[in-house]
Amino acid sequence: MPEVEMKVIIAVYMIFCMIASVLLCYFWLKRSGRPWGIAFAGALLLAFSTSLYQAHHQIMFVNYLPFLLLALIGVDRLVSKGKIGLLSIGLLLIILHSFYYAPACIVALGVYVLHRCFFGNFGRAHEMSADCCGPGRAEAAAAWSGQAGQRLRKISGQIGNGFW
């Protein structure tokens, strides 16, 4: 490949990164229980966001994006099945591609892990707020925090049982 210019290689690489980001976004939204129309709209919004401009002009701002989405899918897999492999691969690729943005990605993944552990599926957040607004809000909050603690213990116990 010595006859191919570096700008062509980078352009092709960023096109593949953007396509992978859009497909992974659709896959992640679809797996989280969204209807196909909402998942498609979310992926379309990502496709036409400023990340397309950044992929053309400043690749360092978006070259981690497909791996962040892969790691988010890995978080879902960690919470549901206790398997950490996909999350580990996503984090490794984030760090290798953009160590500058890796701390922010790790914080975002940590917040998402806490969200998944406390709320489970996305649609259950309103149930917690409805339970905590009633007269027995202290008992409801204790029950919810107990369930989150059980989920975290289950995840930590399952991590050692199987990597993939």
(request) Would you mention how many residues in the range 1-22 are touching a Leu at 6+ places or on another chain (Cβ under 9 Å) and more than 19 Å from residue 60 (Cβ to Cβ)? (result) 1
(message) So, restricting to helices (runs of 4 or more DSSP H) that lie completely within the range 11-82, which ones have at least 1 residues that are among the β-branched types (Val, Ile, Thr) and buried (at least 18 other Cβ atoms within 10 Å of the Cβ)?
(response) 65-81
(request) Out of the residues in the range 1-59 that are touching a helix residue (DSSP H, G or I) at 6+ places or on another chain (Cβ under 8 Å) and of a type in the set (D, E, K, R), state the one that is modelled with the highest pLDDT. (result) 30
(request) Considering each residue of the range 83-92, count those that are assigned to a helix (DSSP H, G or I) and either surrounded by 17 or more Cβ atoms within 10 Å (Cβ to Cβ) or in contact with a His (Cβ under 8 Å, 6 or more places away or on another chain) (or both), and give that number. (result) 4
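The values are calculated or read from the model by the stated rules, or taken from the named source; none is laboratory data. Note that this is a predicted model, so its numbers are computed, not measured. Note that we place each Cβ from the backbone using ideal geometry, even for glycine, and neighbour counts take in every protein chain shown.
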